[in-house]
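Structure first, then comments.
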Amino acid sequence: MKWLAALVFILSSTMAHAESGKRSPPDNPKWKEECGSCHIAYPPILLTADNWQRLMGGLDKHFDANAILNAEDNKEILDFLQHNAGNGGKFSAPSMRISKTPWFTRQHREISSHFWSDRVVKSRSNCAVCHINAESGDWSKHGMHASGS
């Protein structure tokens, strides 16, 4: 019976932690180095494995930039992204833009369209403007810059 109580405690603690927006980001130094050199290294959970496959297969024209990697680095990063990818339609984007997923749209529905075009914010993909602790895995409202709350 004690193991059942412990299991319930662990599950409820884990769920409360996940709901807080604070998630330990999966770690892969190559992903952080390569993806984080141009933009925030977006958490793999924000797109599906299929989206990551298509995105990594088109790095020669990665959102109008050439982000091509050698085959070994590409495979390591793709394996990491797919292993930690999100599941289901809420993390799927035909355009492969995280900001076009149903999850992103729902989470940011209260933000004015004027905010996204602000000269400091520039676009929906500039997460770090508001989520100042995002790189450490804190996506919670408590870890946000005042202008984004």
field: Failed item, numbered, when E72 is tested on (1) modelled with pLDDT of 90 or more; (2) surrounded by 10 or more Cβ atoms within 10 Å (Cβ to Cβ); (3) among the charged types (D, E, K, R)
entry: (2)
- prompt: Out of all the residues in segment 94-136, which are exposed (fewer than 13 other Cβ atoms within 10 Å of the Cβ) and not in a helix (DSSP H, G or I)?
  reply: P94, S95, R109, E110, S112, S117, R119, V120, K122, S123
- line: Just one listed residue, out of K75, K141, K100, K61, is in contact (Cβ under 8 Å) with a residue 60 or more places away in the chain and among the basic types (K, R), and it is K141
- prompt: Can you tell which of S123, S117, S95 is out of contact with any Cys (no Cβ under 9 Å at 6 or more places or on another chain), in the same structural domain as P29 (by TED's automatic domain parsing) and closer than 24 Å to H62 by Cβ?
  reply: S95
- request: Of the numbered conditions (1) closer than 23 Å to K141 by Cα; (2) surrounded by fewer than 14 Cβ atoms within 10 Å (Cβ to Cβ), P43 fails exactly one; give the number of that condition.
  value: (2)
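The values are calculated or read from the model by the stated rules, or taken from the named source; none is laboratory data. On a predicted model such as this, the values are computed, not experimentally measured, just so you know. Cβ atoms come from the backbone with ideal geometry, glycine included; neighbour counts cover every protein chain shown.
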